[in-house]
Amino acid sequence: MAQKMEIGSYLFERIKELGIKTVFGVPGDYELVLLDMVFDAGVNWAGNANELIASYAADGYARVNGYGAFVTTFGPGELSAYCGMAGQYAEYVPVVHIVGYPSTKAMKERAIMHHSLGNGNFGMYHEMVRHITVASTVLDDLSTAPAEIDRVLNAMVYFHRPVYIGVPVDIGPQTVSSHYLEVPLQKSLPPNPPELEQLVVDQIIGLLSSRKNPIIVVDGGAIRNRVIEECTELIKLLQIPYFITAMSKGGISEALGCFGGVYGGGASIDEVRRYVEESDLVLFIGSYQSDFNTGEFTANIAPSVSVDFQRFVVNVLGTEHKLCMNYVLRRLISVLRSGNKKLQVGDQVEWDPYPLDRLEAPAKLTQDFLWAALGGYFQPGDYVVAETGTSAFGILASNLMNTENILMYNQTVYGSIGFATGAALGSFVAGKESNTIKRGILVTGEGSLQLTVQAFSDVLRHGLNTTMFVLNNDGYTIERLIHGMEASYNKIPEWDYSKICPLFGPSFQNKYYRIETPEQLLKLLADAEFNAANCTQVVELILDKHDAPMSVIRSAQAVERFNKAKQVQE
(Lines give C-alpha, C1' and ligand atoms only; values in the text may rest on other atoms or scores of the structure.)
Protein backbone atom coordinates (compact mmCIF):
# COMPACT_ATOMS: atom_id res chain seq x y z
CA MET A 1 0.00 0.00 0.00
CA ALA A 2 1.24 3.47 -0.90
CA GLN A 3 2.72 5.51 1.94
CA LYS A 4 4.13 8.98 2.33
CA MET A 5 7.86 9.38 1.78
CA GLU A 6 10.28 12.30 1.65
CA ILE A 7 11.44 13.56 -1.74
CA GLY A 8 15.05 12.94 -0.71
CA SER A 9 14.20 9.36 0.25
CA TYR A 10 12.40 8.90 -3.07
CA LEU A 11 15.52 10.07 -4.91
CA PHE A 12 17.82 7.68 -3.06
CA GLU A 13 15.38 4.79 -3.49
CA ARG A 14 15.63 5.39 -7.23
CA ILE A 15 19.42 5.55 -6.92
CA LYS A 16 19.36 2.19 -5.15
CA GLU A 17 17.07 0.79 -7.87
CA LEU A 18 19.92 1.39 -10.34
CA GLY A 19 22.19 -0.82 -8.26
CA ILE A 20 24.15 2.04 -6.68
CA LYS A 21 25.20 1.00 -3.17
CA THR A 22 27.59 3.86 -2.36
CA VAL A 23 27.23 7.59 -2.89
CA PHE A 24 30.29 9.87 -2.86
CA GLY A 25 30.50 13.54 -2.03
CA VAL A 26 31.33 16.36 0.37
CA PRO A 27 28.86 17.59 3.01
CA GLY A 28 27.58 21.17 2.94
CA ASP A 29 24.87 23.02 4.82
CA TYR A 30 22.37 22.99 1.94
CA GLU A 31 22.52 19.19 1.74
CA LEU A 32 22.97 17.95 5.32
CA VAL A 33 19.33 16.96 5.84
CA LEU A 34 19.42 15.26 2.44
CA LEU A 35 22.45 13.21 3.46
CA ASP A 36 20.53 11.72 6.39
CA MET A 37 18.21 10.19 3.81
CA VAL A 38 21.10 8.37 2.14
CA PHE A 39 21.36 6.11 5.18
CA ASP A 40 17.58 5.79 5.50
CA ALA A 41 17.51 4.31 1.99
CA GLY A 42 20.16 1.74 2.92
CA VAL A 43 22.84 3.33 0.73
CA ASN A 44 26.41 3.85 1.93
CA TRP A 45 28.01 7.29 2.18
CA ALA A 46 31.67 7.70 1.16
CA GLY A 47 32.72 11.25 1.95
CA ASN A 48 35.69 12.73 0.11
CA ALA A 49 38.36 15.36 0.68
CA ASN A 50 36.98 17.58 -2.07
CA GLU A 51 34.28 17.63 -4.71
CA LEU A 52 36.62 17.03 -7.64
CA ILE A 53 37.71 13.74 -6.09
CA ALA A 54 34.05 12.89 -5.41
CA SER A 55 33.17 13.36 -9.09
CA TYR A 56 36.15 11.26 -10.18
CA ALA A 57 35.25 8.56 -7.65
CA ALA A 58 31.66 8.42 -8.91
CA ASP A 59 33.05 8.09 -12.45
CA GLY A 60 35.24 5.13 -11.48
CA TYR A 61 32.42 3.56 -9.48
CA ALA A 62 30.11 3.76 -12.51
CA ARG A 63 32.67 2.08 -14.77
CA VAL A 64 32.63 -0.98 -12.52
CA ASN A 65 29.08 -0.90 -11.15
CA GLY A 66 27.18 0.47 -14.15
CA TYR A 67 26.02 3.76 -12.60
CA GLY A 68 27.39 6.20 -10.04
CA ALA A 69 26.23 9.08 -7.86
CA PHE A 70 27.71 11.90 -5.79
CA VAL A 71 26.40 14.81 -3.73
CA THR A 72 27.75 18.35 -3.37
CA THR A 73 26.46 21.67 -2.18
CA PHE A 74 25.30 24.56 -4.34
CA GLY A 75 27.91 26.93 -5.81
CA PRO A 76 31.54 26.27 -4.83
CA GLY A 77 30.89 22.58 -4.22
CA GLU A 78 29.30 21.84 -7.55
CA LEU A 79 31.68 24.07 -9.50
CA SER A 80 34.61 22.13 -8.06
CA ALA A 81 33.08 18.96 -9.47
CA TYR A 82 32.33 20.16 -12.99
CA CYS A 83 35.70 19.05 -14.35
CA GLY A 84 34.85 15.49 -13.38
CA MET A 85 31.38 15.79 -14.88
CA ALA A 86 32.79 17.03 -18.18
CA GLY A 87 34.93 13.91 -18.30
CA GLN A 88 31.89 11.75 -17.62
CA TYR A 89 30.06 13.47 -20.46
CA ALA A 90 32.93 13.10 -22.94
CA GLU A 91 33.53 9.46 -22.03
CA TYR A 92 29.88 8.32 -21.77
CA VAL A 93 29.88 7.51 -18.05
CA PRO A 94 26.42 7.58 -16.41
CA VAL A 95 26.62 9.49 -13.12
CA VAL A 96 24.01 11.53 -11.27
CA HIS A 97 25.23 14.70 -9.55
CA ILE A 98 22.90 15.65 -6.69
CA VAL A 99 23.21 19.25 -5.50
CA GLY A 100 21.82 20.73 -2.28
CA TYR A 101 20.22 24.11 -3.11
CA PRO A 102 19.10 27.08 -0.97
CA SER A 103 15.42 27.15 -0.05
CA THR A 104 12.80 27.91 -2.68
CA LYS A 105 11.75 30.92 -0.58
CA ALA A 106 15.26 32.39 -0.62
CA MET A 107 15.56 31.85 -4.37
CA LYS A 108 12.13 33.31 -5.09
CA GLU A 109 12.91 36.41 -3.01
CA ARG A 110 16.34 36.74 -4.67
CA ALA A 111 18.01 36.85 -1.26
CA ILE A 112 21.77 37.30 -1.14
CA MET A 113 22.80 33.87 0.11
CA HIS A 114 26.21 32.38 0.76
CA HIS A 115 27.63 30.32 -2.12
CA SER A 116 25.78 32.55 -4.59
CA LEU A 117 27.27 35.38 -6.64
CA GLY A 118 25.55 37.92 -4.42
CA ASN A 119 23.19 39.15 -7.15
CA GLY A 120 20.02 37.27 -6.29
CA ASN A 121 20.44 34.93 -9.24
CA PHE A 122 20.35 31.20 -8.44
CA GLY A 123 20.12 29.68 -11.91
CA MET A 124 23.62 30.45 -13.22
CA TYR A 125 25.29 27.22 -12.08
CA HIS A 126 22.44 25.15 -13.48
CA GLU A 127 22.90 26.92 -16.81
CA MET A 128 26.59 26.04 -16.80
CA VAL A 129 25.99 22.36 -16.20
CA ARG A 130 23.56 22.00 -19.11
CA HIS A 131 26.58 21.77 -21.44
CA ILE A 132 27.98 18.68 -19.68
CA THR A 133 24.81 16.71 -18.92
CA VAL A 134 22.08 15.06 -20.97
CA ALA A 135 19.34 16.07 -18.53
CA SER A 136 19.05 18.31 -15.48
CA THR A 137 16.47 19.68 -13.09
CA VAL A 138 16.05 21.72 -9.93
CA LEU A 139 13.17 20.36 -7.85
CA ASP A 140 11.34 23.60 -7.03
CA ASP A 141 7.82 22.16 -7.37
CA LEU A 142 6.77 19.34 -5.03
CA SER A 143 3.95 18.18 -7.32
CA THR A 144 6.31 17.42 -10.20
CA ALA A 145 9.39 16.34 -8.21
CA PRO A 146 8.98 12.52 -8.54
CA ALA A 147 8.33 12.77 -12.28
CA GLU A 148 11.33 15.07 -12.71
CA ILE A 149 13.61 12.68 -10.83
CA ASP A 150 12.44 9.79 -13.00
CA ARG A 151 12.78 11.80 -16.21
CA VAL A 152 16.37 12.76 -15.46
CA LEU A 153 17.48 9.31 -14.29
CA ASN A 154 15.83 7.66 -17.30
CA ALA A 155 17.77 10.05 -19.55
CA MET A 156 21.01 9.04 -17.80
CA VAL A 157 20.28 5.37 -18.50
CA TYR A 158 19.16 5.98 -22.09
CA PHE A 159 22.07 8.18 -23.19
CA HIS A 160 24.66 6.68 -20.81
CA ARG A 161 25.89 10.13 -19.76
CA PRO A 162 25.81 12.28 -16.59
CA VAL A 163 22.79 14.15 -15.23
CA TYR A 164 22.15 16.78 -12.56
CA ILE A 165 19.44 17.05 -9.89
CA GLY A 166 19.21 20.11 -7.64
CA VAL A 167 17.30 19.65 -4.37
CA PRO A 168 16.36 22.82 -2.45
CA VAL A 169 16.86 22.49 1.28
CA ASP A 170 13.13 22.87 1.98
CA ILE A 171 12.01 20.44 -0.76
CA GLY A 172 14.05 17.39 0.26
CA PRO A 173 12.12 16.73 3.51
CA GLN A 174 8.65 17.25 2.02
CA THR A 175 6.59 14.13 1.37
CA VAL A 176 4.89 12.55 -1.63
CA SER A 177 3.13 9.25 -2.19
CA SER A 178 5.40 6.22 -2.59
CA HIS A 179 3.15 4.88 -5.38
CA TYR A 180 5.42 6.62 -7.92
CA LEU A 181 7.99 3.90 -7.18
CA GLU A 182 5.62 1.28 -8.58
CA VAL A 183 6.66 2.27 -12.12
CA PRO A 184 10.28 1.13 -12.54
CA LEU A 185 12.98 3.12 -14.27
CA GLN A 186 13.61 2.26 -17.92
CA LYS A 187 16.83 0.27 -17.71
CA SER A 188 16.96 -1.04 -21.28
CA LEU A 189 16.89 0.56 -24.70
CA PRO A 190 13.74 0.18 -26.82
CA PRO A 191 13.97 -2.68 -29.34
CA ASN A 192 14.92 -2.08 -32.96
CA PRO A 193 12.43 -2.36 -35.82
CA PRO A 194 12.76 -6.12 -36.47
CA GLU A 195 12.64 -5.93 -40.27
CA LEU A 196 15.37 -3.31 -40.51
CA GLU A 197 17.47 -5.12 -37.92
CA GLN A 198 17.24 -8.37 -39.86
CA LEU A 199 18.06 -6.59 -43.14
CA VAL A 200 21.25 -5.09 -41.67
CA VAL A 201 22.30 -8.38 -40.09
CA ASP A 202 21.84 -10.13 -43.44
CA GLN A 203 24.02 -7.46 -45.07
CA ILE A 204 26.77 -8.02 -42.50
CA ILE A 205 26.58 -11.80 -42.92
CA GLY A 206 26.84 -11.35 -46.67
CA LEU A 207 29.93 -9.18 -46.29
CA LEU A 208 31.55 -11.68 -43.92
CA SER A 209 30.85 -14.44 -46.44
CA SER A 210 32.36 -12.60 -49.40
CA ARG A 211 35.29 -10.56 -48.09
CA LYS A 212 38.74 -12.14 -47.90
CA ASN A 213 40.34 -10.67 -44.79
CA PRO A 214 37.72 -9.36 -42.36
CA ILE A 215 38.77 -8.10 -38.94
CA ILE A 216 37.16 -6.77 -35.76
CA VAL A 217 38.23 -3.57 -33.98
CA VAL A 218 36.81 -3.15 -30.49
CA ASP A 219 36.95 0.52 -29.48
CA GLY A 220 36.02 2.51 -26.40
CA GLY A 221 32.36 2.83 -27.32
CA ALA A 222 31.96 -0.92 -26.94
CA ILE A 223 33.02 -0.70 -23.31
CA ARG A 224 31.03 2.44 -22.49
CA ASN A 225 27.90 0.90 -24.01
CA ARG A 226 28.51 -2.42 -22.28
CA VAL A 227 28.57 -4.76 -25.29
CA ILE A 228 31.83 -6.50 -24.37
CA GLU A 229 30.03 -9.78 -23.79
CA GLU A 230 28.64 -9.57 -27.32
CA CYS A 231 32.05 -8.62 -28.74
CA THR A 232 33.68 -11.56 -27.00
CA GLU A 233 31.11 -14.01 -28.36
CA LEU A 234 31.43 -12.56 -31.86
CA ILE A 235 35.21 -12.97 -31.79
CA LYS A 236 34.91 -16.57 -30.60
CA LEU A 237 32.41 -17.40 -33.32
CA LEU A 238 34.26 -15.75 -36.20
CA GLN A 239 37.85 -16.50 -35.12
CA ILE A 240 39.20 -13.66 -37.25
CA PRO A 241 41.90 -11.23 -36.08
CA TYR A 242 40.66 -8.63 -33.65
CA PHE A 243 42.26 -5.41 -32.45
CA ILE A 244 41.78 -2.88 -29.67
CA THR A 245 42.53 0.84 -29.32
CA ALA A 246 44.00 3.08 -26.64
CA MET A 247 40.49 3.70 -25.33
CA SER A 248 39.53 0.02 -25.16
CA LYS A 249 42.77 -1.38 -23.72
CA GLY A 250 41.88 -3.75 -20.90
CA GLY A 251 38.17 -3.67 -21.72
CA ILE A 252 38.10 -6.99 -23.57
CA SER A 253 40.22 -10.10 -23.15
CA GLU A 254 43.35 -10.39 -25.29
CA ALA A 255 43.40 -14.16 -24.74
CA LEU A 256 40.72 -15.19 -27.25
CA GLY A 257 43.19 -16.74 -29.66
CA CYS A 258 43.38 -14.29 -32.56
CA PHE A 259 44.41 -11.00 -30.94
CA GLY A 260 46.22 -8.70 -33.38
CA GLY A 261 47.33 -5.81 -31.17
CA VAL A 262 46.59 -2.17 -30.41
CA TYR A 263 45.56 -0.04 -33.39
CA GLY A 264 46.05 3.72 -33.29
CA GLY A 265 47.05 4.82 -36.77
CA GLY A 266 50.62 6.09 -36.77
CA ALA A 267 51.04 5.16 -33.11
CA SER A 268 50.65 1.45 -33.96
CA ILE A 269 53.44 -0.99 -34.66
CA ASP A 270 53.95 -1.34 -38.42
CA GLU A 271 52.46 -4.84 -38.78
CA VAL A 272 49.28 -3.87 -36.95
CA ARG A 273 48.77 -0.68 -38.92
CA ARG A 274 49.37 -2.41 -42.25
CA TYR A 275 47.01 -5.31 -41.57
CA VAL A 276 44.15 -3.17 -40.24
CA GLU A 277 44.33 -0.60 -43.00
CA GLU A 278 44.59 -3.25 -45.74
CA SER A 279 41.59 -5.22 -44.50
CA ASP A 280 38.63 -5.37 -46.90
CA LEU A 281 36.06 -5.53 -44.05
CA VAL A 282 36.33 -3.94 -40.60
CA LEU A 283 33.67 -4.60 -37.98
CA PHE A 284 34.37 -1.43 -35.98
CA ILE A 285 32.49 -1.73 -32.68
CA GLY A 286 32.11 1.50 -30.74
CA SER A 287 34.61 3.56 -32.71
CA TYR A 288 35.65 6.84 -31.10
CA GLN A 289 37.72 8.95 -33.48
CA SER A 290 39.50 11.24 -31.01
CA ASP A 291 43.05 12.53 -31.50
CA PHE A 292 44.86 10.34 -28.96
CA ASN A 293 42.74 7.33 -29.88
CA THR A 294 43.70 7.58 -33.55
CA GLY A 295 47.38 8.55 -33.37
CA GLU A 296 46.51 12.22 -33.95
CA PHE A 297 44.03 11.38 -36.72
CA THR A 298 46.45 9.14 -38.61
CA ALA A 299 44.06 6.16 -38.48
CA ASN A 300 42.95 5.21 -41.96
CA ILE A 301 39.94 2.90 -42.17
CA ALA A 302 37.77 3.76 -45.16
CA PRO A 303 33.99 3.91 -44.72
CA SER A 304 33.68 1.73 -47.81
CA VAL A 305 35.10 -1.26 -45.88
CA SER A 306 33.69 -0.46 -42.44
CA VAL A 307 30.64 -1.56 -40.48
CA ASP A 308 30.54 0.99 -37.66
CA PHE A 309 28.49 -0.02 -34.61
CA GLN A 310 27.36 2.84 -32.33
CA ARG A 311 24.84 3.09 -29.50
CA PHE A 312 21.97 4.28 -31.70
CA VAL A 313 23.38 3.88 -35.22
CA VAL A 314 24.87 1.10 -37.33
CA ASN A 315 26.65 2.33 -40.46
CA VAL A 316 27.21 -0.30 -43.15
CA LEU A 317 29.76 0.74 -45.76
CA GLY A 318 28.69 4.37 -45.48
CA THR A 319 24.93 3.83 -45.22
CA GLU A 320 23.52 4.82 -41.82
CA HIS A 321 20.76 2.84 -40.11
CA LYS A 322 19.04 4.00 -36.91
CA LEU A 323 19.49 0.86 -34.88
CA CYS A 324 20.81 0.13 -31.38
CA MET A 325 24.04 -1.79 -31.79
CA ASN A 326 23.49 -4.07 -28.80
CA TYR A 327 20.44 -5.70 -30.41
CA VAL A 328 22.11 -5.87 -33.83
CA LEU A 329 25.12 -7.63 -32.32
CA ARG A 330 22.90 -10.11 -30.48
CA ARG A 331 20.94 -10.96 -33.61
CA LEU A 332 24.17 -11.30 -35.60
CA ILE A 333 25.50 -13.72 -32.98
CA SER A 334 22.26 -15.69 -33.06
CA VAL A 335 22.50 -16.12 -36.84
CA LEU A 336 26.15 -17.13 -36.63
CA ARG A 337 25.37 -19.69 -33.94
CA SER A 338 22.78 -21.29 -36.20
CA GLY A 339 25.65 -22.48 -38.38
CA ASN A 340 23.75 -22.00 -41.63
CA LYS A 341 26.10 -19.36 -43.00
CA LYS A 342 29.47 -20.26 -44.47
CA LEU A 343 32.03 -17.57 -43.74
CA GLN A 344 35.32 -16.69 -45.38
CA VAL A 345 38.08 -17.12 -42.81
CA GLY A 346 40.93 -14.64 -43.17
CA ASP A 347 44.60 -14.91 -42.26
CA GLN A 348 45.57 -15.52 -38.68
CA VAL A 349 47.91 -13.31 -36.66
CA GLU A 350 51.51 -14.01 -37.68
CA TRP A 351 53.22 -11.07 -35.97
CA ASP A 352 54.04 -10.31 -32.35
CA PRO A 353 51.58 -7.72 -31.00
CA TYR A 354 54.04 -6.91 -28.18
CA PRO A 355 57.60 -6.73 -29.57
CA LEU A 356 58.83 -4.84 -26.48
CA ASP A 357 58.54 -8.10 -24.52
CA ARG A 358 61.79 -9.13 -26.18
CA LEU A 359 63.76 -6.19 -24.76
CA GLU A 360 66.87 -7.01 -22.76
CA ALA A 361 67.17 -5.38 -19.36
CA PRO A 362 68.93 -1.99 -19.62
CA ALA A 363 71.32 -0.66 -16.98
CA LYS A 364 68.68 1.68 -15.54
CA LEU A 365 64.93 1.37 -15.48
CA THR A 366 63.27 2.63 -18.68
CA GLN A 367 59.66 3.19 -19.64
CA ASP A 368 59.57 0.54 -22.35
CA PHE A 369 61.06 -2.08 -20.02
CA LEU A 370 58.66 -1.08 -17.25
CA TRP A 371 55.47 -1.51 -19.27
CA ALA A 372 56.58 -4.82 -20.73
CA ALA A 373 57.41 -6.09 -17.24
CA LEU A 374 54.06 -5.02 -15.82
CA GLY A 375 52.31 -7.18 -18.42
CA GLY A 376 53.72 -10.26 -16.69
CA TYR A 377 52.77 -8.94 -13.25
CA PHE A 378 49.04 -8.57 -13.88
CA GLN A 379 46.88 -11.48 -12.70
CA PRO A 380 43.29 -12.69 -13.16
CA GLY A 381 40.97 -10.50 -11.13
CA ASP A 382 43.14 -7.39 -11.39
CA TYR A 383 41.51 -4.05 -12.07
CA VAL A 384 43.97 -1.47 -13.35
CA VAL A 385 43.37 2.27 -13.62
CA ALA A 386 45.95 4.10 -15.73
CA GLU A 387 46.39 7.84 -15.40
CA THR A 388 46.04 10.29 -18.26
CA GLY A 389 49.31 10.86 -20.11
CA THR A 390 52.35 8.61 -19.94
CA SER A 391 50.62 5.84 -18.01
CA ALA A 392 47.68 5.61 -20.41
CA PHE A 393 50.02 5.39 -23.40
CA GLY A 394 52.65 3.22 -21.78
CA ILE A 395 50.25 0.55 -20.60
CA LEU A 396 49.31 -0.13 -24.20
CA ALA A 397 52.58 -2.09 -24.36
CA SER A 398 51.64 -4.37 -21.46
CA ASN A 399 50.92 -7.86 -22.77
CA LEU A 400 47.62 -9.26 -21.49
CA MET A 401 47.40 -12.13 -23.98
CA ASN A 402 48.31 -14.87 -21.52
CA THR A 403 45.83 -14.11 -18.76
CA GLU A 404 42.04 -13.86 -18.70
CA ASN A 405 39.95 -11.54 -16.54
CA ILE A 406 42.20 -8.49 -16.33
CA LEU A 407 40.31 -5.24 -16.67
CA MET A 408 41.65 -1.71 -17.00
CA TYR A 409 40.70 1.72 -18.27
CA ASN A 410 41.99 5.24 -18.77
CA GLN A 411 40.41 8.60 -19.63
CA THR A 412 41.52 8.71 -23.26
CA VAL A 413 39.29 11.50 -24.54
CA TYR A 414 38.88 14.10 -21.79
CA GLY A 415 42.38 13.57 -20.40
CA SER A 416 42.15 15.34 -17.04
CA ILE A 417 45.34 14.73 -15.07
CA GLY A 418 44.64 13.62 -11.53
CA PHE A 419 41.57 11.70 -12.69
CA ALA A 420 42.96 8.22 -12.10
CA THR A 421 43.60 8.51 -8.36
CA GLY A 422 40.01 9.53 -7.59
CA ALA A 423 38.56 7.16 -10.18
CA ALA A 424 40.58 4.26 -8.79
CA LEU A 425 39.05 4.95 -5.39
CA GLY A 426 35.52 4.67 -6.81
CA SER A 427 36.35 1.63 -8.95
CA PHE A 428 37.86 -0.30 -6.07
CA VAL A 429 34.96 0.57 -3.73
CA ALA A 430 32.56 -0.86 -6.32
CA GLY A 431 34.77 -3.91 -6.79
CA LYS A 432 34.89 -4.54 -3.05
CA GLU A 433 31.09 -4.30 -2.81
CA SER A 434 30.54 -6.82 -5.60
CA ASN A 435 33.61 -8.94 -4.81
CA THR A 436 34.66 -8.67 -8.47
CA ILE A 437 38.15 -7.21 -8.00
CA LYS A 438 40.99 -9.28 -6.59
CA ARG A 439 43.68 -6.56 -6.72
CA GLY A 440 43.15 -2.86 -7.33
CA ILE A 441 46.11 -1.30 -9.15
CA LEU A 442 46.70 2.37 -9.89
CA VAL A 443 49.43 3.47 -12.31
CA THR A 444 50.07 7.21 -12.30
CA GLY A 445 52.65 9.90 -12.83
CA GLU A 446 53.79 12.18 -10.03
CA GLY A 447 52.43 15.28 -11.77
CA SER A 448 48.95 13.78 -11.91
CA LEU A 449 49.11 12.32 -8.43
CA GLN A 450 49.87 15.68 -6.87
CA LEU A 451 46.51 17.05 -8.04
CA THR A 452 44.32 14.54 -6.21
CA VAL A 453 46.59 12.76 -3.74
CA GLN A 454 44.07 13.47 -0.93
CA ALA A 455 42.01 10.57 -2.32
CA PHE A 456 44.53 8.26 -0.69
CA SER A 457 42.99 9.02 2.70
CA ASP A 458 39.82 7.33 1.44
CA VAL A 459 41.74 4.50 -0.24
CA LEU A 460 43.27 3.71 3.15
CA ARG A 461 40.22 4.09 5.36
CA HIS A 462 38.05 1.94 3.10
CA GLY A 463 40.60 -0.89 3.27
CA LEU A 464 40.98 -1.19 -0.49
CA ASN A 465 44.57 -2.55 -0.37
CA THR A 466 45.50 -0.63 -3.49
CA THR A 467 48.88 -1.03 -5.15
CA MET A 468 50.02 2.28 -6.64
CA PHE A 469 52.88 2.60 -9.10
CA VAL A 470 54.14 6.20 -9.22
CA LEU A 471 56.30 7.23 -12.18
CA ASN A 472 58.89 9.71 -10.92
CA ASN A 473 60.63 11.40 -13.83
CA ASP A 474 60.92 14.93 -12.47
CA GLY A 475 58.00 16.57 -14.24
CA TYR A 476 55.49 16.34 -17.04
CA THR A 477 56.68 13.81 -19.63
CA ILE A 478 54.30 14.32 -22.55
CA GLU A 479 54.43 18.10 -22.27
CA ARG A 480 58.23 17.99 -22.38
CA LEU A 481 58.15 15.88 -25.49
CA ILE A 482 55.72 18.22 -27.21
CA HIS A 483 57.49 21.43 -26.21
CA GLY A 484 59.87 22.70 -23.53
CA MET A 485 62.06 19.75 -22.57
CA GLU A 486 64.07 21.84 -20.10
CA ALA A 487 61.45 24.50 -19.39
CA SER A 488 60.72 25.29 -15.74
CA TYR A 489 56.97 25.07 -16.29
CA ASN A 490 57.29 21.36 -17.03
CA LYS A 491 58.88 20.65 -13.64
CA ILE A 492 56.92 19.87 -10.47
CA PRO A 493 57.71 20.07 -6.72
CA GLU A 494 59.75 17.24 -5.27
CA TRP A 495 57.82 15.01 -2.89
CA ASP A 496 58.78 12.19 -0.56
CA TYR A 497 56.36 9.51 -1.75
CA SER A 498 57.29 7.19 1.09
CA LYS A 499 55.31 9.52 3.38
CA ILE A 500 52.00 9.45 1.45
CA CYS A 501 50.40 6.62 3.41
CA PRO A 502 51.75 7.64 6.84
CA LEU A 503 50.43 11.16 6.19
CA PHE A 504 46.96 10.28 4.91
CA GLY A 505 46.32 7.19 7.06
CA PRO A 506 48.89 6.77 9.84
CA SER A 507 46.90 4.01 11.55
CA PHE A 508 46.68 1.79 8.46
CA GLN A 509 49.24 -0.80 7.39
CA ASN A 510 51.17 0.13 4.26
CA LYS A 511 54.41 -0.55 2.41
CA TYR A 512 56.67 1.58 0.27
CA TYR A 513 59.22 0.52 -2.37
CA ARG A 514 61.68 2.61 -4.35
CA ILE A 515 62.71 1.04 -7.66
CA GLU A 516 65.61 2.33 -9.78
CA THR A 517 66.77 -0.68 -11.84
CA PRO A 518 65.19 -3.45 -13.92
CA GLU A 519 66.60 -6.03 -11.50
CA GLN A 520 64.86 -4.38 -8.55
CA LEU A 521 61.61 -4.20 -10.48
CA LEU A 522 61.64 -7.85 -11.56
CA LYS A 523 62.49 -8.98 -8.04
CA LEU A 524 59.60 -6.98 -6.59
CA LEU A 525 57.09 -8.16 -9.20
CA ALA A 526 58.05 -11.78 -8.43
CA ASP A 527 57.77 -11.36 -4.66
CA ALA A 528 54.89 -13.42 -3.25
CA GLU A 529 54.13 -11.03 -0.41
CA PHE A 530 54.01 -8.04 -2.76
CA ASN A 531 51.75 -9.94 -5.15
CA ALA A 532 49.37 -10.84 -2.32
CA ALA A 533 48.64 -7.09 -1.87
CA ASN A 534 47.35 -7.50 1.67
CA CYS A 535 47.77 -3.80 2.41
CA THR A 536 48.16 -0.50 0.58
CA GLN A 537 51.44 -0.41 -1.35
CA VAL A 538 53.25 2.51 -3.00
CA VAL A 539 55.93 1.74 -5.58
CA GLU A 540 58.02 4.73 -6.66
CA LEU A 541 59.63 4.13 -10.07
CA ILE A 542 62.67 6.30 -10.76
CA LEU A 543 62.89 7.13 -14.47
CA ASP A 544 64.98 9.52 -16.52
CA LYS A 545 63.13 12.71 -17.37
CA HIS A 546 64.06 12.37 -21.06
CA ASP A 547 62.69 8.83 -21.24
CA ALA A 548 59.20 7.97 -22.53
CA PRO A 549 57.37 4.96 -23.95
CA MET A 550 57.66 4.52 -27.70
CA SER A 551 53.90 5.04 -28.11
CA VAL A 552 54.17 8.39 -26.31
CA ILE A 553 57.07 9.51 -28.47
CA ARG A 554 55.16 8.66 -31.65
CA SER A 555 52.00 10.36 -30.42
CA ALA A 556 53.79 13.45 -29.11
CA GLN A 557 55.49 13.89 -32.46
CA ALA A 558 52.12 13.61 -34.16
CA VAL A 559 50.64 16.23 -31.80
CA GLU A 560 53.48 18.65 -32.48
CA ARG A 561 53.09 18.21 -36.25
CA PHE A 562 49.33 18.70 -35.96
CA ASN A 563 49.70 21.89 -33.86
CA LYS A 564 52.28 23.36 -36.23
CA ALA A 565 50.08 22.61 -39.23
CA LYS A 566 47.17 24.41 -37.57
CA GLN A 567 49.35 27.44 -36.84
CA VAL A 568 50.37 27.63 -40.50
CA GLN A 569 46.73 27.42 -41.63
CA GLU A 570 45.73 30.23 -39.29
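The values are calculated or read from the model by the stated rules, or taken from the named source; none is laboratory data. A quick note: this is a predicted structure, and the numbers were derived from the prediction, not measured. Note that each Cβ is placed from the backbone with ideal geometry, even for glycine, and that neighbours are counted across all protein chains shown. Please note that ligands, DNA and RNA were not included when accessible areas were found on the heavy atoms of the full protein model with its side chains. Shrake-Rupley method; radii C 1.70, N 1.55, O 1.52, S 1.80 Å.
Details
- Whole-Hz Karplus values for the range 247-256 come out as 6, 9, 4, x, x, 9, 4, 9, 10, 9 Hz, taken residue by residue from phi with 6.51 cos²θ - 1.76 cosθ + 1.60 and θ = phi - 60°; glycine and proline positions read x.
- A protection proxy built from the mean count of other Cβ atoms within 10 Å ranks the segments 387-400, 19-32, most packed first, as 387-400, 19-32.
- Solvent-accessible surface of the range 268-309, taken per residue with a 1.4 Å probe and all protein chains present: 40 Å².
- Note: relative contact order over the chain, using C-alpha pairs below 8 Å and six or more positions apart, is 13 percent.
- Look at the alpha carbon pairs under 8 Å that are at least 6 residues apart: their mean separation over the length of the range 237-379 gives a relative contact order of 21 percent.
- Multiplying the residue separation of GLU271 and MET401 by 0.36 nm and removing their Cα-Cα distance gives an extension gain of 45.1 nm.
- Beta bridges per DSSP, both residues in the chain: antiparallel share near 15 percent.
- Accessible-area order (highest first, 1.4 angstrom probe) of the listed residues LEU153, LEU237: LEU237, LEU153
- FRET efficiency, ASP40 to LYS491 (Cβ-Cβ, R0 45 Å, nearest 0.05): 0.35
- Taking every protein chain into account, the accessible area of the range 1-82 amounts to 31 square angstrom per residue (probe 1.4 Å).
- Most to least packed among 193-202, 68-77, 436-445 [average Cβ atoms within 10 Å]: 68-77, 436-445, 193-202
- The packing ranking, built from the mean of other Cβ atoms within 10 Å per residue, places the peptides 49-58, 108-117, 307-316 in the order 49-58, 307-316, 108-117, highest first.
- Whole-angstrom gap from the range 249-297 to the range 127-201, using each part's C-alpha centre: 35 Å
- Between ASP357 and ARG110, residue separation times 0.36 nm minus the direct Cα-Cα distance comes to 82.5 nm.
- With both residues required to sit in the range 384-498, DSSP beta bridges show an antiparallel share near 0%.
- Projecting label points 7 angstrom from Cα along Cα→Cβ for MET128 and GLU320 puts them 3.3 nm apart.
- FRET efficiency, 1/(1 + (r/R0)^6) with R0 30 Å, evaluated for LYS21 and PHE508 via beta carbons: 0.85
- Pairs from the list LYS212/LYS249; LYS249/LYS545; LYS432/LYS511; LYS21/LYS499 with a Cα-Cα gap above 29 Å: LYS21/LYS499.
- For ARG439, the residues whose modelled amide H falls within less than 5 Å of its own, excluding neighbours fewer than 5 places apart on the same chain, are ASP382, TYR383.
- Rolling a 1.4 angstrom probe over the chain with all protein chains present gives an accessible area of which 52% lies on carbon and sulfur atoms.
- Spin-label pair GLN289-GLN520: with each label point 7 Å from Cα along the Cα-Cβ axis, the two points sit 4.6 nm from one another.
- With contacts taken as Cα pairs under 8 Å and at least 6 residues apart, the range 67-121 reaches a relative contact order of 40 percent.
- The range 311-416, accessible area per residue, ligands and nucleic acids excluded (1.4 Å, Å²): 44 Å²
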